[in-house]
Structure formats: C-alpha cells, structure tokens
1. Can you find a residue that is surrounded by fewer than 20 Cβ atoms within 10 Å (Cβ to Cβ), among the charged types (D, E, K, R) and farther than 21 Å from Leu113 by Cα anywhere in region 158-177?
2. Considering region 138-155 alone, what residues qualify as being in contact (Cβ under 8 Å) with a residue 60 or more places away in the chain, open to solvent by 20 Å² or more (accessible area, probe 1.4 Å) and among the hydrophobic types (A, V, I, L, M, F, W, C)?
3. Residue by residue through region 54-91, note down the ones that are over 19 Å from Leu143 (Cβ atoms) and of a type in the set (S, T, N, Q).
4. Of the conditions (1) buried (at least 17 other Cβ atoms within 10 Å of the Cβ); (2) of a type in the set (A, V, I, L, M); (3) without any contact (Cβ under 8 Å) to a residue 40 or more places away in the chain, Leu186 satisfies every one except a single condition; which number is it?
5. Among the listed residues Gly97, Gly26, Gly37, identify the single one that is modelled with pLDDT under 70, in a loop (DSSP other than H, G, I, E, B) and within 16 Å of the chain's Cα centre (by Cα).
6. Regarding region 118-137, can at least one residue be identified that is assigned to a helix (DSSP H, G or I), of a type in the set (Gly, Ala, Ser), touching a residue at least 12 places away in the same chain (Cβ under 8 Å) and surrounded by 14 or more Cβ atoms within 10 Å (Cβ to Cβ)?
7. Taking Leu155 as meeting all but one of (1) among the hydrophobic types (A, V, I, L, M, F, W, C); (2) closer than 16 Å to Ala94 by Cα; (3) in contact with a Ser or Thr (Cβ under 6 Å, 6 or more places away or on another chain), write down the number of the exception.
Amino acid sequence: MSVTAPAPAVAPVAGTTANATAAVAGHPAATALAGGGVDNRATYISFGLAYLFGHGSAAVSEGATPLLDLPGWLPMTLLGTGLAIGTVQATVAALRGQRSTAEPDDVLSGKLLGLAWVTAFAALFLAITGLTATLDLPDVQSLLWPTGSGFVVGLLYIAEGAQRRNLLHYGLGSWLALTSTAALLLGSPGLYWVLTLAGGGAYALAAVLERRRLTTPVAQRNP
C-alpha cells in the first residue's frame, strides 16, 4: 500500500490578505487614505473663526452708520491671526496627508501642496503691498486683503480637493473663490457682511460635513 506524503504547508505572505481585500474593493491599501482621508476640521475651524471675528468686526464697525465703534486695527489683526493659524494647520494637514501613502507621486504632491500655502500668501503680500505703494492708495489694503486671501485660499482648496479626490474640499474652495471676488462688487461694509456670512457659514458647514466624510468608508467616498 502506497502512502501519499502530505503537501507542504505554505506560509501566508504578510499583508497579502489586506492588500487583496483592498484591491478587490478597487481601493489599494497604499492609497486608501491618500484619496481624501486628511482631517481638515482644524483648518476649517481656524479659518471660520478668522472670518467670523475678522470680517464680522469689520462689518459692524465700517460704513456711514457703524453698529459698533471698534479700533481700526482690530479687524485686520483678528483676520491676520486667524489666517496665520489656519495656514499653519493647512500646511500640517497637507504634509500629514503625504505620509499616509507610499506612492512617490502622492508624497511629492503632498509636499508641494503644503509649500504652496506659504508661497501663495507670500505672493499675495507682495502683490497687495506693491500695488498700494505704487498707486499710493493705502486704504485699498482693507479691501484687497479680505477678498484676496479668500480667493487664494479657494484656489488652494480646489487644487487640494482635486489631488485628494475630496469633493467637500473642492466645493468649499470653489465657493470661497467665487464669493470672495464677487464681494468686491458691493464695497464697504457690504463686502464684509458677504465674507462673514457666506464665507464663515461655509466653513461652519464644512467642519460639520468633514466629520461625516471621515467616518464614511473609503469605498463609499471614492466609488
């Protein structure tokens, strides 16, 4: 009677099951978080507060019949502080996002998006400062900084949203870019009311929707 030797056991390769499961779902494990898993809530809250207190204080203190008598430096200080904190938060979020993927192209994209925030606001500062100095119109800064910063942030959000496949981020950026530039048509103080309500309200809504987005399975976020 012949005896058949048992087939040798094959040891499973570490990570094969997880990668195969992710591949079947259509979302490779290496890029699951890169498809929009960056948590933007801290950024949205920082910019939202900047819009609320910075633009809000300007809205109630500007115009022929201001509601409150506030120092002229206060709105710009509140706005600048909030934008600085938000820019740092956005840069950190972009750099953190590139650590969640092993794809070289995604890593480079995350680094470039993080640096784009610093470059964009440095360029905006030079443009507004040079324009007001050349035209000898220092008061124009109070109009260009609020609208210009919203426009720049909107374009950066559009770029980040497209790269991360994040529809919420992309939509918020589109809204900010359009409302910030359209606000210039109203002058002061209508401009500040638009930025406070349209911009600040959009950030508040985005912060709420961001939590829901992060708790949604990746397969449902990026079909």
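1. No, that holds for no residue.
2. Residue satisfying the conditions is Trp145 alone.
3. Thr65, Thr81, Thr87, Gln89, Thr91
4. Only one criterion is unmet by Leu186, namely (1).
5. Gly37
6. Yes, some residue in region 118-137 is assigned to a helix (DSSP H, G or I), of a type in the set (Gly, Ala, Ser), touching a residue at least 12 places away in the same chain (Cβ under 8 Å) and surrounded by 14 or more Cβ atoms within 10 Å (Cβ to Cβ).
7. Only one criterion in (1) among the hydrophobic types (A, V, I, L, M, F, W, C); (2) closer than 16 Å to Ala94 by Cα; (3) in contact with a Ser or Thr (Cβ under 6 Å, 6 or more places away or on another chain) is unmet by Leu155, namely (3).
The values are calculated or read from the model by the stated rules, or taken from the named source; none is laboratory data. None of the values given here were measured: they were computed from a predicted structure. Neighbour counts are summed over all protein chains in view; Cβ atoms, including those assigned to glycine, are modelled from backbone coordinates with ideal geometry. What goes into the accessible areas is simple: the full protein's heavy atoms, side chains included, and nothing from ligands, DNA or RNA. Shrake-Rupley method; radii C 1.70, N 1.55, O 1.52, S 1.80 Å.
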